[in-house]
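Heads up, the thing below is written out as structure tokens.
The values are calculated or read from the model by the stated rules, or taken from the named source; none is laboratory data. Everything quoted here is computed from the prediction, not taken from an experiment. Glycine also receives a Cβ, built like all others from the backbone with ideal geometry; neighbour counts cover every protein chain displayed. Note: areas computed on protein heavy atoms with side chains; ligands, DNA, RNA excluded. Shrake-Rupley method; radii C 1.70, N 1.55, O 1.52, S 1.80 Å.
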Amino acid sequence: MHDVLVVGGGIAGLRAALAASSRGAEVAIASRSHPTRSYSVAIQDGLNAALIAGDTWKAHAADTSAWGDGLCVAQVVDAVCEAAPELVRELDQLGVPFNRSGTALACLQLRGAGTARAAYVDDMAGLVILQTLYEQAVRAGITFYEEWTATSLAVEDGGCTGVIALEQATGELQTLGAKAVVLATGGPRRLYEPSTASLHCTGDGIAMAYRAGAPLVDMEFVQYHPAVLKGHRLAITEIAWAHGAVLATAGGTVTGDDGAGPGAFLRALQQAADDGGVEMTGAWDADQAKGLFFNTSHRVKQLTGLDMAKEPLPVRPAMHRLLGGIAVDAQGATGIKGVYAAGECAGTGFHGAAGLDGNFLLSSVASGKAAGLAAADHASSTAEPEEADRPLHRDRAMTAKALGRPGGEPLAAMRRELAGLMHGKAGMVRDAGGLQEAARRIVEMKETHGSLGAGSTSADYNFGLAQYLDLGSLLDVAEAIAASALGRQESRGVHFRSDYAARDDARWSVHQLVTASEAGPVLRESPAVAPGG
Amino acid sequence: MELTFNVRRGDGRTKDATYQAYHVDVEPETSVFEALVKVREEQDGTLAFRGNCAVGFCGDCTMLVNGRQEVTCLTTVSKALKDDAIKIDPIPYAPTVKDVMYDAKRFIWDKVNSFSPGVVFNGAGWGGAQAVTDDDLRPVRRAMRCTMCGICDQGCTVIDVNLDFKGPAALTKVYRYVFDPRDGRAKERVVEAGETNGVWDCVHCWEASDHCPFDIDPTHRIMDLRDRSVRLGVKSGTGNRQAARHYNAFERSVENHGWLDERNVAIQSYGGLIKGGLKMMPTGLAALRRGKANLLPHPKRPGASAIKALFARYREVTRTER
Amino acid sequence: MNRFAFYPGCVSKGSCPELYESVVQVMGLLDMEVEELTDVGCSGAGVLTSEVSDPINARTLAKAEQMGLALMTICSTCQGVIGAAALRLQDPEYRAFINKEYLAAEGLEYQGTTEVKHFLWVLVEDFGLDELKALVRRPLEGMGFSPFYGCYLRRPADVVGRRERRTYIEKITEVLGGTVVNISGKGKCCGFPSLTINEPNALAMTAKHTGEAKDNGADAMVTPCPLCHLELDGEQTQAAAAARRTIEMPILHLPQMVGLALGLDPKGLGLGRHFVSTAKIVAQLEPVEAAVTAT
Ligand SMILES: Cc1cc2nc3c(=O)[nH]c(=O)nc-3n(C[C@H](O)[C@H](O)[C@H](O)COP(=O)(O)OP(=O)(O)OC[C@H]3O[C@@H](n4cnc5c(N)ncnc54)[C@H](O)[C@@H]3O)c2cc1C
Ligand code: SF4
């Protein structure tokens, strides 16, 4: 039995593990892939912190709240923005070679920021931070369960005693016992096409918490990335904007600074992409392309043959981020005792209705650290619980059944349909009719999903089984998104209802918490995001 | 476009691999990785290969594509196609686990983690008296582009004959620490990196640099590590003193004669006249018989004193950091 | 008329005198003049730290510069190490540092203009394949040669320069009437750099390459690098024993192969000085009426 078990080895998970370990807890990480293969690795830009002379955390907080369109949780925003400079300094001291200007830290001005505020590492902040945190996690002696897929929280009588996880190499399901669990499993990007999804972005942790009875929050806020390489998943780094990138459409250039807000900007781009295409150009030269944009331009070249320094890139918006997630308080505590959540799977209320570039990574680091510390404290004040074996038996029975059922193409077709459905009906522009249709289809799909399975009985590395489990998670998350989007009868941030096109502060200055029930998702409004609030 | 994948199937123990053909319809600019994911999701969930991010950062999808090691998510099918088909094999210098999946622990992580991990911060943050500059950190960032894709290790001539050689990827990780001015343990690290199967076993064949898709120039990073090591007075690990003996003998020869006396260097590298002489006996005798070697060490050549002066100067110039 | 500042390196003056002698003879036949640099130092061979080898090589480059000649090497490693130093010395700041700290004491200054060329490149680029073909007196017909380059003549790309340089030995072999027998490791390491550091690694490499040449039916391997020669020839017996097989693959220096085709006397080319007997090669040669002698 571990003191703290972190599920997920991305930036949030590793930061949580290091924090818990620094409190003296014995820590393990279980992750689907080797930690450094997690999707945080693909983050190109940086993280926000008021580090440049003249900037203040209050200015950072003000920009965050303005962008969040009235729905940010003020205490969380203040706490994270105030801590941000120290969080960046800690990363630097752990070994992240942030860019400097001379001997001072260098910052970039990203869209939505009043000043240069994003600390960066060329165009590979994710890769370098992830590698650095992993180095330190190995140094700290953390135990790794690499290539283990968590299937459920081991919850019995309201308390959590660990997680049930599948060892991919053997096909065995085990309980990984722990006094405290931190979920840091990332987002559900695979729910949408087009998206910036990696294979493992299936929202597993969100679904696990949801199924175990924890409320989710702010699930209606789904944010697209404005400029993703057409035909691929590669986001063109936001650093490009800081260096004068321009988006050209048939109708002229689109900029994000016209004051209409991030939602309007994204919808205009989507329209332009549908109408004839969007091209990104910039005044950057070959040296910048080789230096600052090396990683992006190299990948663009490999995938399209285009030279970023000379040629315009065809881009389009693609789903990028769910802003909500498992409802947590400022310490990362979820609605289930002993279970914490951090990173992209957690709904902290920091982003509100629209997330600011450079704030996502910041919130992964901040929420990871907070959840890790809280989990360690919880573990140290908790006696070793008796291991529950009912959840294990339940999951073993579930997978055993799945192994005997057909899978493959019907699952693939279902995910394709689901991704199209979510993009079309629960994407940038929504209305009651579309959302109801989506919700109905999701129910039907869940039913069909229940009759499908792994497509083979293969024990080791059964990717058919993974595909089946992934789709199960995605359907649960889809259900919560559709219900929440239908519930919010106004437009705010990145949530746009064509049938309720205006922001309605009198009625909707609240968050929606969504909980699973036999009869489907149940919504509850609340002024706070915290599960108890 | 329609194309055929011929994918190696079977567990790691299967000697005679079988190839299974999969036909799939994808766009020409689809990556090999995404096309294989499509195959796996639509046709065969038992097909085992790794990969996650699909945009060339996670480093997990390395395979042999028509015999060439590639980051498969950055290789489009149209580029990879050969006679309407693409042959997929696991990378050769790692034990195969299943199908195209290799033993990543044995291949890369055990090696990377065999070196003391993690920067040990020495107080040189930003601002303040010890602050480092961007110029100091630029080489570190370049090395940290490394995705641990393992392509360099696939080109490595030493791994080709000895799977235990740490390889350019793991040694590039050591470079990242040793050249990070915020880490206070360069000397311990170069000793660690200098043990058997480490930097001194590198034959500087430059294959790694030729292979790395991200222009990290890993062979150069190893040579930089050796240079830094020598600067710090370290010429081997603790268990392979012959590496230091080799270096010193080589240096002595060039310093004193201007030139290398291979025979003498070999004798001294093997551990002095008695042991080394015995070891060299068979070769030495054969060489003499064939008129390939003369018994006497090379005489000094003209210019020797000038070279000696350069060495003296070098010791002076680099003295401060010894 | 071509002239070069000639950098023989250590090995051709030590364990492989046959290389030195055959290069000099072949250059003579081709009417190419070499002026040997006698008072320069070892390149460092990639063993010595570049902090000391760069000054030594800058000195060599400066001497060639003074003569107004390109520098010709006859060893892949010399070529690679001096070539890399020359590339680094293109940086004016670094060059100024080396000039000031090291060369000034001798009254030397390197301006950064010396071209460094291996004998292999000189043959193809300065003499010419057609011209070489015209001089063949004893075509190497019916004989198979496996080219073995030595790492530094293949990589790193920025030091080697033109890509086609990676196939010159094949071209020369064909021009001389021989057959190219490819081996997968022709551009890989022979093992020499590891010989005194990790001998099993070195021997395994040697056995692999020589064994493959044998398995593919080559009559000999040919190399432009004396270090490869020391390893592939000198260590072959031990390597074969370690690999539990017999190999007996003759290893020719590049100028020896050229010299044979141009009609030079095998003995004069030093073919009798190898560890692995070259008798079978010599026996296969067409007799020439009177072996030519170099001037
Ligand atoms: C391409 C891209 C660019 C971005 N750019 C920026 C940026 O510039 N600035 C910014 O602020 N934000 C950016 N973000 C957003 C944000 O920073 C990241 O999404 C966030 O850091 C995600 O971190 P994470 O640790 O929560 O999730 P991930 O890194 O996705 O990690 C999830 C982990 O959970 C594991 N896991 C998942 N399911 C399971 C399971 N069932 N069992 C066990 N383990 C599991 C995975 O293996 C992985 O280890 C970007 C995101 C992406 C994708
Ligand atoms: S050094 Fe280059 S080739 Fe080697 S693992 Fe790193 S990225 Fe891949």
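For this structure, a couple of remarks:
- Over all pairs of different C-alpha atoms in chain B, the reciprocal of the mean inverse distance, the Kirkwood hydrodynamic radius, equals 22.8 Å.
- Relative contact order (%) - the range B:2-102, alpha-carbon pairs under 8 angstrom, separation at least six: 35
- Buried accessible surface for the A/B chain pair comes to about 5400 Å², total over both chains, computed with a 1.4 Å probe.
- Taking 0.36 nm per residue of separation and subtracting the Cα-Cα distance, full extension of the segment from A:Thr448 to A:Ser101 would add 119.2 nm.
- Proportion of all alpha-carbon pairs of the range B:67-212 beyond 24 Å (%): 41
- Convex hull volume of the C-alpha atoms in the range A:389-526, normalised per residue: 122 Å³.
- One Cα centroid belongs to the range A:460-533, the other to the range A:1-60; the line between them spans 25 Å.
- Lysines with Cα under 17 Å of A:Lys337, excluding same-chain neighbours fewer than 8 positions away: A:Lys179
- Whole-percent carbon and sulfur share, accessible surface of chain C, 1.4 Å: 50
- Scattering profile of the range A:43-115 at q = 0.16, 0.21, 0.26, 0.28 Å⁻¹ [log10 I(q)/I(0), Debye over alpha-carbon scatterers]: -0.59, -0.97, -1.33, -1.42
- Cα-based values for chain C, radius of gyration first and Dmax second, are 18.9, 58 Å.
- The Cα trace of the range A:225-316 gives Rg and Dmax of 12.7, 36 Å, the first to one decimal, the second as a whole number.
- Stokes-Einstein D in µm²/s, Kirkwood radius over Cα pairs - the range C:25-181 at 37 °C with 0.692 mPa s viscosity: 194
- Using θ = phi - 60° and Karplus 6.51 cos²θ - 1.76 cosθ + 1.60, couplings along the range C:239-255 (whole Hz; Gly, Pro as x): 5, 5, 4, 5, 8, 6, 7, 9, 10, 6, 9, x, 10, 9, 6, 3, x
- Gyration tensor (alpha-carbon) shape descriptor, the range A:492-533, a/c threshold 1.5: oblate
- Our summary gives chain C a relative contact order of 20 percent, counting only alpha carbon pairs under 8 angstrom and 6 or more residues apart.
- Amide H contacts of A:Gly162 (H built 1.01 Å from N, in plane; Pro and chain starts excluded): A:Ala154, A:Ala178 sit under 5 Å, all sequence-distant by 5 or more or on other chains.
- For the protein assembly as shown, the Kirkwood hydrodynamic radius from C-alpha pairs, put into Stokes-Einstein at 25 °C and a viscosity of 0.890 mPa s, yields a diffusion coefficient of 77 µm² per second.
- Remark: accessible surface ordering of B:Arg68, A:Arg267, A:Arg524, A:Arg430 (largest first) is B:Arg68, A:Arg524, A:Arg267, A:Arg430, probe radius 1.4 Å.
- Surface per residue (accessible, 1.4 Å probe) for chain B, Å²: 38
- Size descriptor, Kirkwood hydrodynamic radius, that averages inverse alpha-carbon separations across the range A:375-430, Å: 15.7
- Calculated [222 nm] ellipticity per residue, helices only, for chain A: -12500 deg cm²/dmol; basis is -39500 (n - 2.57) per DSSP H run with n ≥ 4, divided by all residues, nearest 500.
- Formal net charge of residues neighbouring A:Arg507 (Cβ-Cβ distance under 15 Å; K, R +1; D, E -1): -3
- Other residues whose C-beta falls under 15 angstrom from the C-beta of A:Arg211 contribute a net charge of -4, scoring Lys and Arg +1 and Asp and Glu -1.
- The 3J(HN,Hα) values that the Karplus relation (6.51, -1.76, 1.60; θ = phi - 60°) gives for the range A:205-220 are, in residue order, x, 4, 5, 4, 5, 4, 5, 7, x, 6, x, 9, 9, 6, 6, 6 Hz. Gly and Pro appear as x.
- Solvent exposure of chain C, expressed per residue, is 34 Å² of accessible area, with all protein chains present and a 1.4 angstrom probe.
- Alpha carbon Rg of chain A, scaled by the compact-globule rule 2.2 N^0.38 Å: 0.91
- Computed over the range C:131-290, the range of Cα coordinates on each principal axis works out to 48, 37, 26 Å, biggest value leading.
- Computed [θ] at 222 nm, deg cm²/dmol, chain C (DSSP H ≥ 4; -39,500 (n - 2.57); rounded to nearest 500): -11500 deg cm²/dmol
- Karplus-derived 3J(HN,Hα) values for the range B:19-34, using 6.51 cos²θ - 1.76 cosθ + 1.60 with θ = phi - 60°, are 10, 10, 8, 10, 9, 8, 10, 9, 6, x, 8, 5, 7, 4, 4, 5 Hz; glycine and proline are entered as x.
- Cut-off of 10 Å, at most 12 other beta carbons, DSSP loop: longest stretch of chain A lacking such GluC sites (Glu not before Pro): A:1-385
- Unpartnered cysteines - no second Cys beta carbon under 4.7 Å - across chain C: C:Cys10, C:Cys16, C:Cys42
- Buried solvent-accessible surface, both chains (C, B), 1.4 Å probe, Å² to nearest 100: 5200
- For the range B:2-102, alpha-carbon Rg and Dmax in angstrom: 12.3, 35
- Across the cross-link table entries A:Lys369/B:Lys187; B:Lys98/C:Lys188; B:Lys82/C:Lys214; C:Lys117/C:Lys171; B:Lys87/B:Lys111, which are compared at the Cα atoms, the separations over 22 Å belong to A:Lys369/B:Lys187; B:Lys98/C:Lys188; B:Lys82/C:Lys214; B:Lys87/B:Lys111.
- Here is the list for the range C:196-295: GluC sites (Glu not before Pro) lying in DSSP coil, each with at most 16 other C-beta atoms within 10 angstrom of its C-beta, are C:Glu248, C:Glu289.
- Within straight-line cross-link reach of A:Lys446, lysines at Cα separation under 19 Å, skipping those fewer than 8 residues along the same chain: A:Lys401, A:Lys425
- At least 40 Å² accessible surface lost relative to isolated chain, residues of the range A:31-45 (1.4 Å probe): A:Arg37, A:Val41
- Size of the range B:167-265 from its Cα atoms: along the principal axes, largest to smallest, the extents are 41, 31, 22 Å.
- Efficiency of FRET between B:Ala85 and B:Phe121 - r from beta-carbon atoms, R0 56 angstrom, step 0.05: 0.60
- Normalised Debye scattering of the range A:42-177 at q = 0.13, 0.15, 0.17 Å⁻¹ gives log10 I(q)/I(0) of -0.76, -0.88, -0.96, counting only Cα atoms as equal scatterers and leaving out solvent.
- 14 Å beta-carbon shell around B:Phe49, net charge (K/R +1, D/E -1): -3
- Extension gain, A:Ala169 back to A:Ser526 (0.36 nm per residue minus Cα-Cα distance, nm): 124.2 nm
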